[in-house]
């Protein structure tokens with residue numbers, strides 16, 4: 001810390017920037033740290049970046065609030081609001097180790113929707129509710145509501161984060177420096193060419209093999 005922080009402060013000062021004392025902390029990577037909603041921690045020789053616990057809890061609270069606010073609203077309206085929140089979270093975290101968090105959120109959403117339906121339809125059986133909302137052809141096991149539009153009936157399924165897939169970023173070259181002219185083309189390509197910064201979708205087994 002005696003050498004790292006002064007070096008960073010000098011680097012930023014040349015560019016008219018400075019460190020915020022309130023938001024700056026130096027910690028060992030094996031203990032991890034949270035930044036912009038994601039937790040960075042090294043396990044052995046592998047760096048894992050996961051959605052932060054605080055971020056996951058915040059999304060769950062938002063889901064609960066949306067369901068309570070729309071308890072009497074048409075189902076499509078509730079699904080649209082839920083999907084906005086889930087899609088934003090999923091798009092932000094789909095490039096890190098998020099499978100476990102995504103699965104947990106999916107379970108939580110189903111649990112909260114089930115509780116809401118039990119209150120909304122107290123005289124309906126569990127089988128009726130399950131058949132109506134989780135057994136739609138082509139979307140079995142996914143909560144789906146039907147609404148009417150000018151073009152007829154439309155199906156509104158709730159997004160399942162675990163089905164969106166994880167796509168990893170390609171690690172930046174260790175010696176690449178954005179302030180060195182010889183690497184300008186490399187960083188330009190990473191900014192403008194999606195294939196230069198993202199790995200193709202792989203199975204969980206293939207990702208584990210890459211991490212070894």
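The values are calculated or read from the model by the stated rules, or taken from the named source; none is laboratory data. Quantities reported herein were computed from a predicted structural model and do not represent experimental measurements. Virtual Cβ from ideal backbone geometry, glycine too; neighbours counted across all protein chains shown.
Quick check: anything in the stretch 142-160 in contact with a helix residue (DSSP H, G or I) (Cβ under 7 Å, 6 or more places away or on another chain), loosely packed, with under 15 Cβ neighbours inside 10 Å and at pLDDT 80 or above? Among the residues of the stretch 142-160, at least one is in contact with a helix residue (DSSP H, G or I) (Cβ under 7 Å, 6 or more places away or on another chain), loosely packed, with under 15 Cβ neighbours inside 10 Å and at pLDDT 80 or above, which makes the answer yes.
Of the residues making up the stretch 122-141, those that are surrounded by 10 or more Cβ atoms within 10 Å (Cβ to Cβ) and not in a loop (DSSP other than H, G, I, E, B) are 126, 128, 129, 130, 131, 132, 133.
Restricting attention to the stretch 65-75, the residues being crowded, with 16+ Cβ neighbours inside 10 Å and touching a residue at least 40 places away in the same chain (Cβ under 8 Å) number 2.
Among the conditions (1) touching a residue at least 12 places away in the same chain (Cβ under 8 Å); (2) in a helix (DSSP H, G or I); (3) farther than 30 Å from residue 31 by Cβ; (4) touching a helix residue (DSSP H, G or I) at 6+ places or on another chain (Cβ under 9 Å), residue 119 misses just one, which is (4). Kindly establish whether residue 183 is part of a strand (DSSP E or B) and modelled with pLDDT of 85 or more. No. Screening the stretch 161-180 for residues that are assigned to a loop (DSSP other than H, G, I, E, B) and touching a strand residue (DSSP E or B) at 6+ places or on another chain (Cβ under 8 Å) and picking the one that is surrounded by the most Cβ atoms within 10 Å (Cβ to Cβ) gives 168.
Scanning the stretch 86-109 for residues that are crowded, with 18+ Cβ neighbours inside 10 Å and in a helix (DSSP H, G or I) yields 86, 89, 90, 93, 101, 102, 105, 106, 109.
Checked against (1) in contact (Cβ under 8 Å) with a residue 24 or more places away in the chain; (2) exposed (fewer than 13 other Cβ atoms within 10 Å of the Cβ); (3) more than 30 Å from residue 27 (Cβ to Cβ), residue 79 passes all but a single condition, namely (2).
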